[in-house]
Amino acid sequence: MFKRIRFRLVLVNTIVFSAILVFICAILYGFTREQVLGRIDRSLYSSAHSAERGMISRSLYRPEPDAGPAAPRFGQLPTTYLVWSDRGTFIEQVPIGQFTSVEYNLFRKHLNLTRPFTTAVQGHSFRVLDVPIRVETPDGAVHGMTVQVVRNIDETQHELAILFWIILATIGVGLFMVMGAGLFLAGRALVPIRKAWERQQNFVSDASHELRTPLAVIQGQSELLLRHPDHTVEEEAGNVATIYEEARRMRKLVDSLLTLARADSNQLELNVQTVQLSGILQSLTDMFTLLSEQRDLSLSFDLEPAIDVTGDEDRLRQLMLILFDNAVKYTPAGGSIFVSCHRKGNAVEIEVRDTGVGIAPQDLPHVFDRFYRGDKARSRANGGAGLGLAIAHWIVQAHHGKISASSTLGVGTKFQVLLPTRTTGRAQSPSPAN
Ligand code: ADP
């Protein structure tokens, strides 16, 4: 799939760049050609002006003394004047003998053109200007004539042809370079897209895999219930409880998936307001004190009072819940959990420390990845799908903060969160933790 996208990108890139290149080169060539021909035309007009005056004073009829056919004639041809009657009859050429009658007759068809033009005669290029004039003969009669001012432009055409081929070669080389650069750039541009796509694929397949287990349990238990339609709810309380528990687990999983999916598509907005962080932590510690007692855990706090941050209260509560919940889940009976919250410059530092099972060094860099579970059996038994820390990571990122974990296997784990005291409103999509 990515090969095809890359090919298409390169193709579109090459077409667009080629069009731009051709356009620029065409302008360059056209402009140069206009400049060169313009210069020749200006000189033709000036020659025409002299010719007109010469015709009137008849001086033009005097051939130039050293003019005459030379080999190669056209390459060194001076400006030649072809004089035609108003009926199109050839009168004479000045200097004489420059063109044979066959050659000068080829110019006849261009008589009376109002602008200078280029024509080819016997394989040579000429720039020609037709000048209508009126000549008074000694007997007083006025004759209409046309003087064609003819200039050989072989050299100019040759130079223009060289320029044209250079431009064409430049376009060709440019095309190859654009294609090469396109391939390289498209390859590079596709790397993050490919990674994001693979991440998304993994996310979908992991999510489906996680959903399959509770669904299979629910289906199995329901089938058991259906086998004994005469049993009372009391008799089947165990199966019903399992179904309920799996449905609850599934609901939690779907909620987490939805949060991450919305975060990915930037659909989650933070409801930003001033939040009393110490208040949230206090209410959660009250809640967890009972739970810790039940699990024979010692819970202690060091909370600086009246710490305010700008953020989303619900999301910050969710973040703390995830960290507290993990500390309780992964700390065996007899262990302790320590929570602290302090100001640190323009930020607030929250630490949740436990003396639990710890995280293996190879697992530590991945704990914020989606569906990553260190000890799968333990995590699943605890009802975890490996999404809690990914959500925590997103919440911290959305608040422009930082979250990190440090741990020693068998000794304990510490999660540290740094939140700036001022936060803007838009949620950021979670980046590296996937
Ligand atoms: P889960 O729902 O599996 O707990 P999390 O994303 O919250 O998913 O955590 C990912 C993994 O990180 C867990 O499976 C566990 O291996 C590890 N982990 C998280 N918190 C702790 C902790 N306090 N102590 C030990 N391991 C932890």
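Key figures for this structure:
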read-out	value
Members of region 186-220 found to be farther than 27 Å from ALA390 by Cβ and out of contact with any helix residue (DSSP H, G or I) (no Cβ under 8 Å at 6 or more places or on another chain), listed by number	ARG188, GLN219, GLY220
When residues of region 384-411 are limited to those that are in a loop (DSSP other than H, G, I, E, B), near the ligand (Cβ under 10 Å from one of its atoms) and not aliphatic (A, V, I, L, M), the one surrounded by the fewest Cβ atoms within 10 Å (Cβ to Cβ)	GLY386
Failed item, numbered, when ASP139 is tested on (1) in the same structural domain as ILE20 (by TED's automatic domain parsing); (2) more than 16 Å from THR80 (Cα to Cα); (3) surrounded by 12 or more Cβ atoms within 10 Å (Cβ to Cβ)	(3)
Residue within region 345-367 that is at pLDDT below 90 and either under 41 Å from the mean Cα position of the chain (by Cα) or assigned to a helix (DSSP H, G or I) (or both) present	yes
Count of region 218-267 residues which are farther than 16 Å from ALA392 by Cα, aliphatic (A, V, I, L, M) and without any contact (Cβ under 8 Å) to a residue 24 or more places away in the chain	7
Residue in region 206-224 that is in contact with a Phe, Trp or Tyr (Cβ under 9 Å, 6 or more places away or on another chain) and exposed (fewer than 15 other Cβ atoms within 10 Å of the Cβ) present	yes
Residue within region 295-310 that is surrounded by fewer than 22 Cβ atoms within 10 Å (Cβ to Cβ), more than 10 Å from the ligand (Cβ to nearest atom) and under 35 Å from the mean Cα position of the chain (by Cα) present	yes
Filter result for TYR81 (hydroxyl-bearing (Ser, Thr, Tyr), surrounded by 15 or more Cβ atoms within 10 Å (Cβ to Cβ) and at pLDDT 90 or above)	no
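The values are calculated or read from the model by the stated rules, or taken from the named source; none is laboratory data. Note that the coordinates shown come from a computational prediction; the quantities given were computed from them, not determined experimentally. Every residue, glycine as well, gets a Cβ built from its backbone with ideal geometry; the counts of neighbours run over all protein chains shown.
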